[in-house]
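The values are calculated or read from the model by the stated rules, or taken from the named source; none is laboratory data. Small disclaimer: the values here were computed from a predicted structure and weren't measured. FYI the Cβ positions are ideal-geometry reconstructions off the backbone, even for glycines, and counts take in every protein chain you see.
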Amino acid sequence: MSDSRRLRIAVQKSGRLSDDSLSLLKAIGIKLNIRDRLLIAHSTNQPIDLLRVRDDDIPGLVMDGVVDLGFIGENELEEKMLERQAASKPSEFEVLRRMDYGGCRLSIAVPQEMNYQGIESLNGKKVATTYPYLLERFFAQKGINAKAVMLTGSVEVAPRAGVADAICDLVSTGATLEANGLVEKEVIFRSKAVLIQRADGALDDDKQALVNRLVPRIDGVMQAKE
Ligand code: PRT
Ligand code: ZN
């Protein structure tokens, strides 16, 4: 267990947000001693520990107060917030900064051969997704009576496999959709990585003072890249 007086930051262990998040921490002067297998990495020059986990776990770790800060995609954050609200679990957090990386969109895509005339064409259909809460919120807002089918992987092959009629998945270049004979029809959420912290006022004074010193440095690094 790490010392609870040290600021704890959750980052994705290995995935699309890992390198950019670690580079940013380095760029703002936090020296880290990362050993690949370990869950925790200690900073050698600041009272900061990194918790390296799957991105899916980061919203809950922040909302449960296990870590103080976390770098997470807005898509995952919003989905977990809706899931936790539905289960009456704590779902509060504060967004400190929206980052300039991790950009993608959550879109509904349909097989090329489907006769798609607009979202009404999804009535009565099954849509495979890893983001059922975001998708069902979208259906509710649009008055569409479709079903979200939860799949944690291989979403793009679901229509071909006969598991669903359409999909709702993250898109960046669109190459994955194209390779699977799917056409993007509706963007339901636009996402970037964000730095979040525990609910307003949840950090003690020393930790909050440290966060207040780090955030302007993040702004400086992002401005220098523009
Ligand atoms: O192991 P762990 O659970 O930590 O990682 P993960 O596999 O769940 O997540 P990871 O590393 O793939 O993505 C982490 C975050 O990166 C996502 O939650 C998004 O916020 C962001 N991000 C940005 C993306 C993409 N772009 C992206 N293109 N996440 C996933 N994709 C996938 C998408 O699901 C699809 O399979 O890339 C494919 C589409 O890419 P294109 O370029 O072909 O359109
Ligand atoms: Zn994940």
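Observations, loosely collected:
- Whichever residue in region 45-64 is away from ligand 1 (no atom under 16 Å from the Cβ) and surrounded by 18 or more Cβ atoms within 10 Å (Cβ to Cβ) and, among such residues, is nearest to Lys207 (Cα to Cα): Ile48
- Restricting attention to region 162-204, the residues being of a type in the set (Gly, Ala, Ser) and within 14 Å of ligand 1 (Cβ to nearest atom) number 7.
- Of the residues Asp165, Asp206, the single one that is charged (D, E, K, R) and assigned by TED's automatic domain parsing to the domain that holds Gln12 is Asp206.
- Of all residues in region 67-109, those being of a type in the set (S, T, N, Q) and away from ligand 1 (no atom under 14 Å from the Cβ) number 3.
- Residue selected from region 146-197 under the condition in contact with a Ser or Thr (Cβ under 7 Å, 6 or more places away or on another chain) and not in a strand (DSSP E or B), by the criterion surrounded by the fewest Cβ atoms within 10 Å (Cβ to Cβ): Thr152
- Boolean, Gly220 is within 26 Å of Asp19 (Cα to Cα) and either exposed (fewer than 14 other Cβ atoms within 10 Å of the Cβ) or at pLDDT 95 or above (or both): yes
- If you filter region 1-21 down to residues that are charged (D, E, K, R) and within 16 Å of ligand 2 (Cβ to nearest atom), you find that the one that is nearest to Gly73 (Cα to Cα) is Arg16.
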